[in-house]
Amino acid sequence: MGTIQAYFLEHLEWSLHLFTIWNVGVYRHNYLLILIVLNVISLVIVGLSVNVVKLKLRSLYGGLLQLISCVLMVTQFDLNTQGAQYHIVGISNILTLDYVDPVSSIFLIYHLSVDGISIFFILLSVFLLPICILCSWTTVTVRVKEFHIMLHLITLLLIHVFCVQDLLLFYIFFESILIPMFFVIGVWGSRDRKIHAGYQFFLYTLVGSLLMLLSIIYLLITVGSTHCYVLYMYDYSILEGRLIWLAFFLSFAVKVPMVPFHIWLPEAHVEAPTAGSVLLAGILLKMGTYGLIRFSLPMFPEATVFFKPLVFAMSLVSIIYAACTTIRQVDLKKVIAYSSVGHMNYVTLGILSNNIYGLEGSILLMLGHGLVSSALFLCVGLLYERYHSRIILYYGGLIFGMPIFGIFFMFFTFANVSLPGTSNFIGEFLILLGVAETNMVAAIIASIGVILGAVYAIWLYNRIMFGTVKINLTKFSDMNRKEVFLSVILVILILLVGFYPSCLTDYMHQDLMEILERQL
């Protein structure tokens, strides 16, 4: 340990801070550590369970304990302390270049911490775990143990994605999520094309990230480290910065997704089970935009400004294209999937606006979209479970037999079109305000997407809820207590963010301002 510490103290200024964290150690109030330990324990307990009913209960209890730990982490987060908190640090030597220099080594730094940007993405990831468990309680009947293991594993990897401070580890966790998600789509999907959709999702997103991997290898060779503290301080040449920024952006654009890299998303949503769609739309789509905020903006400020017109153009095309494509869809899941493409491209607009309104609006929209899109996919899953179809033409007059469902679906539909008072509204409003400060024409074009979004959402609601009752819908079954309970929780959270956004912005404001200061 002494040799490693001496090496970093000699070569890197930030190591003093890093090893101060290391020497303090992991203390008993580190809720991030508690959260990770609870997740691992839940994985083991679920894996050892035999009885299906007990397995589900243990999985749910494990998810709820993780949620409680995450809520405590948020409530105990010190807003008066600058920088990240809840540090966990470990260092591993992965390559020693003895033939060059006895102390020339490459270290893999397992450094986890939480700041005001990442804390709510972790909370959203953990919150969706019990939601997915409950919505799959009766629908998943084969390989139940493996399904619950996949859910907990995806959550564990997501926690690491949003709090890891080493770029190489970020890439490892970033791509590792593809494996359990591939199985969720391919094994527990609802139709025959699920295997095709699983492979398309896996290969398309994996290949899209190869440029990012090559860039990380280049940074490791050039800089000598992949830790964020080092990469933020390194003086890149203009050409280096632009090429690496572009490689990162293309990798993140696949995950967002942006047109023309969006092809995998509708197919994956349609074939995935309800829990898979909730995870995919609720949190997995946010990894790309989070990567832009966490790495691209602070590492390459000059390149960010240089490529702003390109990203604005791609985002605006994606918004209009997604809205127009959504209108002509006949599958309920594809409607929500394409609407997600539009919302996530509002996020990229806000991120590249390079002002505090756009950045805060982007994060608020990411979190709000995670709640609203999850609720909409739960509603679609509810209909599919009862009537075994997601074709819009099959439905009509549901309000007469399912009035409770009609009320909740109406609320979530209006939240999806950013009705004032809902979480999406405050996010989109701040984004448009931030974009207008940068480029008024772009803000006007983006506003057209808002109008088109209202068109397809209200038209969809009118088609399935009103009109003549279809001949095949002779037996209606309204929402049960479990479904009402989940919907009420989502309604409360959507309204909370919509009416009281400062409960989120107070955490992230200082960290976002530090990123913006690097752009100057």
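For the reader, a short list of remarks on this structure follows.
- Only one of the listed residues (Val74, Val46) is on the phi < 0 side of the Ramachandran plot, among the hydrophobic types (A, V, I, L, M, F, W, C) and either crowded, with 19+ Cβ neighbours inside 10 Å or more than 22 Å from the chain's Cα centre (by Cα) (or both). That residue is Val46.
- When Met440, Met465 are checked against the criterion of being more than 22 Å from the chain's Cα centre (by Cα), crowded, with 18+ Cβ neighbours inside 10 Å and among the aliphatic types (A, V, I, L, M), Met465 stands alone in meeting it.
Residue by residue, here is whether (1) among the polar types (S, T, N, Q); (2) within 27 Å of Leu134 (Cβ to Cβ); (3) crowded, with 19+ Cβ neighbours inside 10 Å holds:
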{"site": "Ser362", "(1), (2), (3)": "yes, no, yes"}
{"site": "Leu367", "(1), (2), (3)": "no, yes, yes"}
{"site": "Val380", "(1), (2), (3)": "no, yes, yes"}
{"site": "His388", "(1), (2), (3)": "no, yes, no"}
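- Residue check, Pro309 without any contact (Cβ under 8 Å) to a residue 24 or more places away in the chain and either part of a helix (DSSP H, G or I) or not aromatic (Phe, Trp, Tyr) (or both): yes
- Tally, over the stretch 220-229, of residues that are over 17 Å from Leu292 (Cα atoms) and surrounded by fewer than 22 Cβ atoms within 10 Å (Cβ to Cβ): 5
- Residue match in the stretch 411-430 (condition: assigned to a helix (DSSP H, G or I) and surrounded by fewer than 17 Cβ atoms within 10 Å (Cβ to Cβ)): no
- Enumeration of residues in the stretch 382-410 that are closer than 21 Å to Gln329 by Cα, among the aliphatic types (A, V, I, L, M) and either part of a helix (DSSP H, G or I) or touching a helix residue (DSSP H, G or I) at 6+ places or on another chain (Cβ under 6 Å) (or both): Leu382, Leu383, Ile392, Leu393, Leu398, Met410
- Note on the stretch 205-231: residues that are polar (S, T, N, Q) and closer than 16 Å to Met287 by Cβ total 2.
- Qualifying residue in the stretch 494-514 (condition: among the acidic types (Asp, Glu), part of a loop (DSSP other than H, G, I, E, B) and either more than 15 Å from Ile363 (Cα to Cα) or at pLDDT below 90 (or both)): no
- Scanning the stretch 317-326 for residues that are within 13 Å of Leu452 (Cα to Cα), surrounded by fewer than 22 Cβ atoms within 10 Å (Cβ to Cβ) and in contact (Cβ under 8 Å) with a residue 40 or more places away in the chain gives Ile320, Tyr321, Cys324.
- Residue list for the stretch 91-150, filter: of a type in the set (Ser, Thr, Tyr), at pLDDT 70 or above and either part of a loop (DSSP other than H, G, I, E, B) or under 17 Å from the mean Cα position of the chain (by Cα) (or both): Ser118, Ser125, Ser136, Thr138, Thr139, Thr141
- Restricted to helices (runs of 4 or more DSSP H) entirely inside the stretch 241-293, those with at least 2 residues that are within 12 Å of the chain's Cα centre (by Cα) and of a type outside the set (Asp, Glu) are 274-279, 286-291.
- Long-range neighbours under 9 Å by Cβ, at least six apart or interchain, first residue farther than 10 Å from Gly368 by Cα and free of Cβ contacts under 8 Å to residues at least 12 places away in the same chain within the stretch 491-512, second surrounded by 15 or more Cβ atoms within 10 Å (Cβ to Cβ) and aliphatic (A, V, I, L, M): Cys503/Val497
- If you filter the stretch 189-207 down to residues that are of a type in the set (A, V, I, L, M, F, W, C) and touching a Gly at 6+ places or on another chain (Cβ under 7 Å), you find that the one that is surrounded by the most Cβ atoms within 10 Å (Cβ to Cβ) is Ala197.
- For the stretch 261-276, a residue qualifies if it is crowded, with 24+ Cβ neighbours inside 10 Å and aliphatic (A, V, I, L, M), and the qualifying residues are Leu265, Ala268, Ala272, Ala275.
- Of everything listed in (1) modelled with pLDDT under 90; (2) buried (at least 19 other Cβ atoms within 10 Å of the Cβ); (3) among the β-branched types (Val, Ile, Thr), the single unmet condition for Thr81 is (2).
To keep it simple, each residue is scored yes or no on (1) among the small types (Gly, Ala, Ser); (2) more than 30 Å from Gly467 (Cα to Cα).
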site: Tyr357; (1), (2): no, yes
site: Gly361; (1), (2): yes, yes
site: Leu364; (1), (2): no, yes
site: Leu367; (1), (2): no, yes
site: Arg386; (1), (2): no, no
site: Gly406; (1), (2): yes, no
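- Residue pairs whose Cβ atoms lie under 9 Å apart, separated by 6 or more positions or on different chains, with the first residue in the stretch 106-121 and farther than 13 Å from Leu504 by Cβ and polar (S, T, N, Q) and the second modelled with pLDDT of 90 or more and in a strand (DSSP E or B), are Ser113/Val164.
- Residues being within 26 Å of Glu514 (Cα to Cα) and not in a helix (DSSP H, G or I) - total across the stretch 322-381: 3
- Selection within the stretch 123-143 - under 18 Å from Phe173 (Cα atoms) and either surrounded by fewer than 24 Cβ atoms within 10 Å (Cβ to Cβ) or hydroxyl-bearing (Ser, Thr, Tyr) (or both): Leu123, Leu124, Ser125
- Screening Ser389, Ser353, Ser373, Ser362 for residues that are in contact (Cβ under 8 Å) with a residue 40 or more places away in the chain, out of contact with any Asp or Glu (no Cβ under 9 Å at 6 or more places or on another chain) and over 18 Å from Ile458 (Cβ atoms) leaves exactly one candidate, Ser362.
- Test: residue in the stretch 150-171 that is within 23 Å of Leu38 (Cα to Cα), buried (at least 20 other Cβ atoms within 10 Å of the Cβ) and free of Cβ contacts under 8 Å to residues at least 24 places away in the same chain: yes
The values are calculated or read from the model by the stated rules, or taken from the named source; none is laboratory data. Quick caveat, the model's predicted, so the values are computed rather than measured. So basically every Cβ, Gly included, is an ideal-geometry build from the backbone, and we count neighbours across all protein chains shown.
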